1. Right, Tyr79: crowded, with 24+ Cβ neighbours inside 10 Å and assigned to a loop (DSSP other than H, G, I, E, B) or not?
2. Give the residues of region 203-234 that are touching a Gly at 6+ places or on another chain (Cβ under 9 Å) and surrounded by fewer than 16 Cβ atoms within 10 Å (Cβ to Cβ), sorted by residue number.
3. Among the residues of region 150-202 satisfying the criterion of being hydroxyl-bearing (Ser, Thr, Tyr) and in contact with a Gly (Cβ under 9 Å, 6 or more places away or on another chain), which is least open to solvent (accessible area, probe 1.4 Å)?
4. Can you list residue pairs whose Cβ atoms sit under 7 Å apart, with the first residue in region 174-194 being modelled with pLDDT of 95 or more and the second being charged (D, E, K, R)? Count only pairs 6 or more apart in sequence or on different chains.
5. Taking into account only those residues within region 1-21 that are among the small types (Gly, Ala, Ser) and part of a loop (DSSP other than H, G, I, E, B), which is nearest to Asp151 (Cα to Cα)?
6. Please tell me if Asn24 is in a loop (DSSP other than H, G, I, E, B) and open to solvent by 10 Å² or more (accessible area, probe 1.4 Å).
7. So which residues in region 151-173 are more than 23 Å from Glu27 (Cα to Cα) and either of a type in the set (Val, Ile, Thr) or modelled with pLDDT under 95 (or both), if there are any at all?
8. Pull out all pairs, ordered by first then second residue, where Cβ-Cβ is under 6 Å, the residues are six or more apart or on different chains, the first lies in region 143-171 and is under 16 Å from Val212 (Cα atoms), and the second is open to solvent by less than 10 Å² (accessible area, probe 1.4 Å) and of a type in the set (Phe, Trp, Tyr).
Amino acid sequence: MQQIGNILGGSGATYGLYVLDITNGQEYDNGTGDSSLPASALIGVPILFTIAEGVHNGTISLDSQVEFHYTFENGRGSYKQEDEGRSFPVSQMLADALANSDNNALNSLMDFLTLDRINQTCHNYGFSSVDMQKKLEPGVTPQENYISAKDAAMMLNAVYQDNFTGIGKAFLEQYFKINGADAANKGMYPACGSCNLFLNLNGITDSRYNEVALVQNGDELFILSILTCNGVADTSAAAVSSAASYVVNTLKAQ
């Protein structure tokens, strides 16, 4: 953790770091994992968790219709202005939101779920760092969305471990991965893209690079979660790549 901290600290950004070694049943936290930091597109994790919980409890159907609204002009993702007002099944909207880190799909899912429901669901399961306050939008605003590196990792693990029926490991393996051709997929992808399994979600602004990923490297399975802010996105992304490379090369199945 000292080595990873040195790598991330060298970027000049404020960071939160957490590693869940699933294979060996160990957690690694250098004291920053519980820090609530601006989430950017990592709001996709509490949205995923809330939908998975709702499908499991019967309050949401995978076929429930989500009305799409184009609220983030030129936002990242595949949905466009011409999709305004169309309705899509929640399973499709969530899949596209994750696979493309789609800003407008994430915003539409927030409308569907409501911020209060997302916050309350996450808090009910002990993920107290989650504080959803607004939709994604360009620029700096007084309101912000927050999450900690640890809570992002643990929510992802809960879904991956099939704690909920309907959305679990199979869904993640199909949709929880940013395409390698995406120009913003520059943090963990260079270090982990060739591993046996690499599932990730990232978010980027001018001053942030955030990413959470589940990685299988041979017999070793782990989740790496890193959030950065108050830095330079490309510098932070390069540090995240170096940190991920160190974790891949260091963690081995015991």
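The values are calculated or read from the model by the stated rules, or taken from the named source; none is laboratory data. This one's a predicted model, so the numbers in the text were calculated from it and none came from an experiment. Virtual Cβ from ideal backbone geometry, glycine too; neighbours counted across all protein chains shown. Heavy atoms of the whole protein, side chains included, go into the accessibility calculation; ligands, DNA and RNA do not. Shrake-Rupley method; radii C 1.70, N 1.55, O 1.52, S 1.80 Å.
1. Numbers: crowded, with 24+ Cβ neighbours inside 10 Å: yes; assigned to a loop (DSSP other than H, G, I, E, B): yes.
Yes.
2. Across region 203-234, the qualifying residue is only Asn230.
3. Restricting to residues being hydroxyl-bearing (Ser, Thr, Tyr) and in contact with a Gly (Cβ under 9 Å, 6 or more places away or on another chain), the top hit is Tyr160.
4. Sorted first by the residue in region 174-194, then by its partner, the pairs are Gly187/Glu211; Met188/Glu211.
5. Across region 1-21, the extreme among qualifying residues is Ala13.
6. Yes: the conditions hold for Asn24.
7. Thr165, Ile167
8. Matching pairs, first to second residue: Ala149/Tyr18; Lys150/Tyr18; Ala153/Tyr18; Met155/Phe49.
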